[in-house]
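Below is one structure, written out as structure tokens, with a few remarks after it.
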Amino acid sequence: EDQVTQSPEALRLQEGESSSLNCSYTVSGLRGLFWYRQDPGKGPEFLFTLYSAGEEKEKERLKATLTKKESFLHITAPKPEDSATYLCAVRRGSGSARQLTFGSGTQLTVLP
Amino acid sequence: DAGITQSPRHKVTETGTPVTLRCHQTENHRYMYWYRQDPGHGLRLIHYSYGVKDTDKGEVSDGYSVSRSKTEDFLLTLESATSSQTSVYFCAIMEGSDGYTFGSGTRLTVV
């Protein structure tokens, strides 16, 4: 059974205070690890897909990295508009009809 | 981006009544999904579809059924709503290798 665990559940940062969110996963034959951002009352919004250990992707103040057991979402010098819930998900390699298994998310609050 | 619309956005219903939620896409994406989102549980897969009339169960399918008679529409039905089905329901489509595109969600309250 695929499992995704995100930590911490909630994180409060001061504006400009860099930090990292963690996503630990167990999946048979990883076919992709996905990061999403979700604002209150809205559907999740796609951020990144990572496919293999060592891969990194960046978007503005966000950088996602991947190892064989976990992924990190690094937030550099965050701003209040980065406040959101960040979701991690995995897709297994076979027999899954492309379905994703999600973690419970990390709720990030960036204070001005 | 694919257009994906969920309706209704909000619904309050009574225990024991049937409820149907609709997901509509404007492009011919093959894969469509229904998830529910609850505090502490994240997003959990209810049912998914891989083509017209081709559907399968997900992790939390008990009490739910789906239908897909046209490529663009994927319906989720609660045959007899229960309070445990109070949740936010999201429809999603798979676009290439970039994971899902989600709808805006339906907030369902069963009283």
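Tabulated results
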| quantity | calculated |
| --- | --- |
| From A:Glu9, A:Glu1, residue being in contact (Cβ under 8 Å) with a residue 60 or more places away in the chain, farther than 14 Å from A:His74 by Cα and acidic (Asp, Glu) | A:Glu9 |
| Set B:Val19, B:Val111: member being farther than 26 Å from A:Cys88 by Cα and open to solvent by 60 Å² or more (accessible area, probe 1.4 Å) | B:Val111 |
| Total residues in segment B:23-46, condition at the interface with chain A (Cβ under 8 Å from one of its Cβ atoms) and over 17 Å from B:Gly99 (Cα atoms) | 2 |
| Residues within segment A:74-94 that are away from chain B (no Cβ under 14 Å), surrounded by 20 or more Cβ atoms within 10 Å (Cβ to Cβ) and not aliphatic (A, V, I, L, M), tallied | 1 |
| First in segment B:89-111 and at the interface with chain A (Cβ under 8 Å from one of its Cβ atoms), second anywhere and open to solvent by 50 Å² or more (accessible area, probe 1.4 Å) and assigned to a strand (DSSP E or B), Cβ under 6 Å, 6 or more apart | B:Asp98/A:Phe46; B:Gly99/A:Phe46 |
| Strands (runs of 3 or more DSSP E) wholly inside segment B:1-102 that include at least 1 residues being basic (Lys, Arg) | B:10-13, B:19-25, B:32-38, B:42-51, B:54-57, B:64-70 |
| Sole residue being open to solvent by less than 30 Å² (accessible area, probe 1.4 Å), of a type in the set (A, V, I, L, M) and in contact (Cβ under 8 Å) with a residue 40 or more places away in the chain, chosen from A:Leu62, A:Leu66, A:Leu100, A:Leu50 | A:Leu100 |
| Residue list for segment A:23-37, restricted to those being open to solvent by 20 Å² or more (accessible area, probe 1.4 Å) and either under 13 Å from B:Thr101 (Cβ atoms) or at pLDDT 95 or above (or both) | A:Ser24, A:Tyr25, A:Arg37 |
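Quick grid of which residues meet (1) away from every other protein chain (no Cβ under 11 Å); (2) of a type in the set (Gly, Ala, Ser):
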position	(1), (2)
A:Gly32	no, yes
A:Tyr36	no, no
A:Gly41	no, yes
A:Leu47	no, no
A:Ala53	yes, yes
A:Lys57	yes, no
A:Arg61	yes, no
A:Leu66	yes, no
A:Lys69	yes, no
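The values are calculated or read from the model by the stated rules, or taken from the named source; none is laboratory data. Everything numeric here is computed off the predicted structure, so don't read it as measured data. FYI the Cβ positions are ideal-geometry reconstructions off the backbone, even for glycines, and counts take in every protein chain you see. What goes into the accessible areas is simple: the full protein's heavy atoms, side chains included, and nothing from ligands, DNA or RNA. Shrake-Rupley method; radii C 1.70, N 1.55, O 1.52, S 1.80 Å.
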